[in-house]
Structures are given as C-alpha cells and as structure tokens.
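The values are calculated or read from the model by the stated rules, or taken from the named source; none is laboratory data. Since we're looking at a predicted model, the values are computed, not measured. Methodologically, a virtual Cβ is constructed for each residue, glycine included, from the backbone with ideal geometry; neighbour enumeration extends over all protein chains shown.
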Amino acid sequence: MKKAKLIAAAALSISMAMLAGCGDKKIDGSSDANFQKSAKAIYESLPDDKKGRFGMALVQGQAVGIHAKNQSFAQALDGKTADEVIEFVNKGIEEKTTLRW
C-alpha cells in the first residue's frame with residue numbers, strides 16, 4: 001500500500017512537473033490546484049537544462065516526504081523559486097539520508 005502511494009505521488013509529480021514553469025516565478029502552495037498551476041508555469045519558463053532538475057526535485061521531494069514541520073510539501077515550497085525548490089529538496093534529501101549515530 002505504501003509503495004502504491006509512493007508510485008502515485010511520483011506519477012503525479014512527474015505529470016505536474018511536465019505541466020510546470022520559472023524565472024522569478026514562485027510556487028503558490030496555498031492549495032493543490034495552485035501548487036500544480038504555479039509549478040507548471042515555473043517549469044515552462046525554465047531553460048531546458050534546468051527543467052529536468054526542477055522536475056526531479058518535485059518528484060523526489062514528494063517521494064521522500066520532504067516538508068517543513070506541520071506543513072505539506074506544497075506548503076513548504078510556497079513562495080520559493082525554481083532554484084530555491086531544488087536547494088530545499090536537495091538539503092532535505094541530504095538530511096534524511098545522513099546517518100546519525
């Protein structure tokens with residue numbers, strides 16, 4: 001069941017990333033619909049070399065469960081640019097995968 005939810009979240013994120021766009025555009029995390037619309041706008045405005053990194057950040061961030069305390073993934077990204085999303089997700093993945101003894 002958990003694996004199915006992860007796959008569904010990844011598929012949704014990939015779809016969303018393909019529909020997405022950036023520049024100085026920012027994520028609107030106030031609702032799922034606004035999140036998807038703003039992610040699409042950011043994705044579409046990005047140069048080709050950055051589209052893949054932004055799309056993967058969205059997919060990986062949702063799949064790994066990157067978020068701020070008491071916030072959804074969309075809420076945690078609210079107000080962030082493409083570069084800030086990539087940095088936020090990379091930092092979150094690093095924190096989740098660092099071994100702590």
Checklist outcome for this item: Of the conditions (1) part of a loop (DSSP other than H, G, I, E, B); (2) modelled with pLDDT of 95 or more, the single one that R53 does not satisfy is (1)
Checklist entry - In the stretch 30-71, what residues are in contact with an Asp or Glu (Cβ under 6 Å, 6 or more places away or on another chain) and over 12 Å from T81 (Cα atoms)? => result N34
Checklist outcome for this item: Among K80, K69, K51, K91, the single one that is out of contact with any strand residue (DSSP E or B) (no Cβ under 8 Å at 6 or more places or on another chain), at negative phi and buried (at least 20 other Cβ atoms within 10 Å of the Cβ) is K51
Checklist entry - Since G61 meets every condition but one in (1) touching a Gly at 6+ places or on another chain (Cβ under 9 Å); (2) at pLDDT 95 or above, which condition does it not meet? => result (2)
Checklist outcome for this item: Residues of the stretch 63-77 being closer than 18 Å to K26 by Cβ and either in a helix (DSSP H, G or I) or under 10 Å from the mean Cα position of the chain (by Cα) (or both), in sequence order, are I66, H67, F73, A74, Q75, A76, L77
